[in-house]
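What follows is a set of notes on a single structure, which appears directly below.
The values are calculated or read from the model by the stated rules, or taken from the named source; none is laboratory data. The structure displayed is predicted, hence computed values, not measured ones. Here the Cβ positions follow ideal geometry from the backbone for every residue, glycine too, while neighbour counts run over all protein chains shown.
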């Protein structure tokens, strides 16, 4: 099913693992070079800069090519129909297959651009055919089902992260619209059905995660799990439930009560905490980071309904609590506890790039422009305040 | 799974006993690092706290008074620099590791406070009068000194930015694209001068082996500023015969930087020089097509075909370059 050379994929896994170990100083250079020679990888995969450059150039060339083709076809009757985009989509996919096979591309930027163009055109075609653009939104369901299958196929073929996430998102869309067909009863029970669907999806992905059959799709499964967890949370989030409820009953935003409200509040607050606890227990990084992000969502949800304090007081108190918390944990973890440590076991790859300097130049550069421009009412002194307004 | 890989490699004789044992130990320890997450927590905490305090002070400025705030900033700034000078590592023309984890952040905080202090005092009390040059010059000199003395890349970036401010422009990429006004020739020439200075600094850094790791920052800012200024000049004179001179300068600079980047195995700079050169070439071919007065739809088709085929050619050229680079690269 997968387009890539199976042997090279295995070799790539070995080399990647050992490259990390080499960079961390566990093995010598001679050993690593010997391993690299013994496990040859023939894929064409440049480093990050190259991938981004090739991606942009290919997008540029593709856009112009499709524009030229459309321009030529514009005279006929064919160009104004969804079948034209379908035709372009098939053309793109043919290029993708051919070039990936011929040149052994492996997520090199060129094949990524072709892949995303293909799905973009597939999306346009599907929504165009079911009449999304003519404001008749009753028949969207077939498009979602079709696109789920298209994305699933592309995920299996190219092991791409975004395709995997797309598969899950369209799957949940399909579930949502199917259940919505039940009318009032369907909408009323929607949160529970979505929670159920997300839980089942997560359970299945988690089972798959341990099987050796999906060894080439580990990252794709992680992307799927991430989407499933986020949907699981959003389906029971008080804000989302409240808004959907208002939408359904044609109420305005002043209505903040929903049935079984306590249950959704519990879900909003407790699920992120449960995620964090599980993350620590199972040493699961995906859970840890998702838990942190969803905790922020929980705080925002709470803040949306209850204005206990003015913003700046809350910021100050929140900042102090976070600082104290981080400091305490760092101190506590000076010595590794239960296999958890504060010391870096690996240097993240992006740290090798000189991004830090660039970002500091970007964000701090404005602080001392003020004397020349005098636009800000508070001069340079509000540098910190300016930073916070972005984040809050 | 990892253990299987290691065992297999060990059996094939690709890992010696010592490495194998080390790797197995690492696997059995299975340490889970929360470094990144805790740092994120710290960073968010600092951001929220400064944001909250800043707003609090801003809202109560009447009761607190500007002098008190200035004094506070100055005090904090002096405190930061006092700490840094007390814990500094001896100066060297090579890369110097910072004495401890917190050091870099304290230095950064001190530098930001220093810049804030000068900006504030100029805005509120007009200390330097209309002499904005001086108001920008002093922080810049201090920043360059701090960057070199304590070996801090982030502060070097701040210093380069303030050099640009001092020259009357902002080199921050965001502003460069958003409010950049490329129509005035003086601005273009100032940019050009700045870019050349930065490129020269990059070259000198390498030549005299003085803080060699600063080269990337100089080269990075220098390349973009010079090329954008040159392209702005090119399009400024687009209708004019001078455009040819500008295009020649762009292409020769691109060629020079390409060779330089190739020598240094930097695909990033190869990419930038090729792309900027390509933009100039595209502009030139549009101009030539215009000159031959092909203005009907046929000319447009021709232009599209030209750009498409040249972009595809460019992609294959870059792929080849990358392969050549990689064959020299042993890792």
(Q) Take residue B:140 and tell me if it is facing another protein chain (nearest Cβ under 8 Å) and at pLDDT 90 or above. (A) no
**Q.** Condition broken by residue A:256, with the remaining ones in (1) touching a residue at least 12 places away in the same chain (Cβ under 8 Å); (2) part of a helix (DSSP H, G or I) satisfied
**A.** (2)
Q: Considering each residue of segment A:200-232, count those that are out of contact with any helix residue (DSSP H, G or I) (no Cβ under 9 Å at 6 or more places or on another chain) and under 20 Å from residue A:1 (Cα atoms), and give that number.
A: 4
**Q.** Residue that is modelled with the lowest pLDDT, among those in segment A:279-312 that are more than 8 Å from every other protein chain (Cβ to nearest Cβ) and in a loop (DSSP other than H, G, I, E, B)
**A.** A:308
Q. Given the residues A:276, A:315, A:323, which is the only one that is modelled with pLDDT of 85 or more, under 30 Å from residue B:156 (Cβ atoms) and either facing another protein chain (nearest Cβ under 9 Å) or not in a strand (DSSP E or B) (or both)?
A. A:323
Q. What are the pairs, 6+ residues apart or on separate chains, where a residue within segment A:77-93 that is under 10 Å from residue A:128 (Cβ atoms) has its Cβ under 8 Å from a residue that is surrounded by fewer than 17 Cβ atoms within 10 Å (Cβ to Cβ)?
A. A:84/A:70; A:84/A:73; A:84/A:78
Q | Selection status of residue B:28, under 17 Å from residue A:330 (Cβ atoms) and either surrounded by fewer than 15 Cβ atoms within 10 Å (Cβ to Cβ) or out of contact with any helix residue (DSSP H, G or I) (no Cβ under 8 Å at 6 or more places or on another chain) (or both) | A | no
Q) What residue, among those in segment B:295-328 that are facing chain A (nearest Cβ under 10 Å), out of contact with any helix residue (DSSP H, G or I) (no Cβ under 7 Å at 6 or more places or on another chain) and closer than 30 Å to residue A:34 by Cα, is modelled with the highest pLDDT? A) B:319
Q) Which of the residues belonging to segment B:1-25 are without any contact (Cβ under 8 Å) to a residue 12 or more places away in the chain and either in contact with a helix residue (DSSP H, G or I) (Cβ under 7 Å, 6 or more places away or on another chain) or not in a helix (DSSP H, G or I) (or both)? A) B:1, B:5, B:9, B:10, B:12, B:13, B:14, B:15, B:16, B:19
Q: Give me the pairs, please: first residue somewhere in segment B:95-118 and under 16 Å from residue B:140 (Cβ atoms), second residue anywhere and outside any helix (DSSP H, G or I), beta-carbon distance under 6 Å, and either six or more positions apart or on two chains.
A: B:115/A:367; B:115/A:368; B:116/A:367
(Q) Tell me whether segment A:197-215 contains one or more residues that are in contact (Cβ under 8 Å) with a residue 60 or more places away in the chain and over 19 Å from the mean Cα position of the chain (by Cα). (A) yes
Q: Could you check residue B:229 against (1) closer than 30 Å to residue B:158 by Cβ; (2) more than 16 Å from the chain's Cα centre (by Cα); (3) surrounded by fewer than 19 Cβ atoms within 10 Å (Cβ to Cβ) and say which number it fails?
A: (3)
Q: Tell me, yes or no, whether segment A:177-187 has at least one residue that is modelled with pLDDT under 90 and within 23 Å of the chain's Cα centre (by Cα).
A: yes
Q.
Checking the conditions here, which among B:219, B:209 is more than 26 Å from residue B:306 (Cβ to Cβ), under 23 Å from the mean Cα position of the chain (by Cα) and within 14 Å of chain A (Cβ to nearest Cβ)?
A. B:219
Q. Where in segment B:52-166 are there helices (runs of 4 or more DSSP H), lying fully within it, with 1 or more residues that are surrounded by fewer than 18 Cβ atoms within 10 Å (Cβ to Cβ)?
A. B:61-64, B:66-86, B:101-125, B:132-150
Q: Output the number of residues of segment A:44-55 satisfying the condition of being more than 19 Å from residue A:104 (Cβ to Cβ) and without any contact (Cβ under 8 Å) to a residue 40 or more places away in the chain.
A: 1
Q | helices (runs of 4 or more DSSP H) enclosed by segment A:23-121 - at least 3 residues per element that are within 9 Å of chain B (Cβ to nearest Cβ) | A | A:29-38, A:48-73
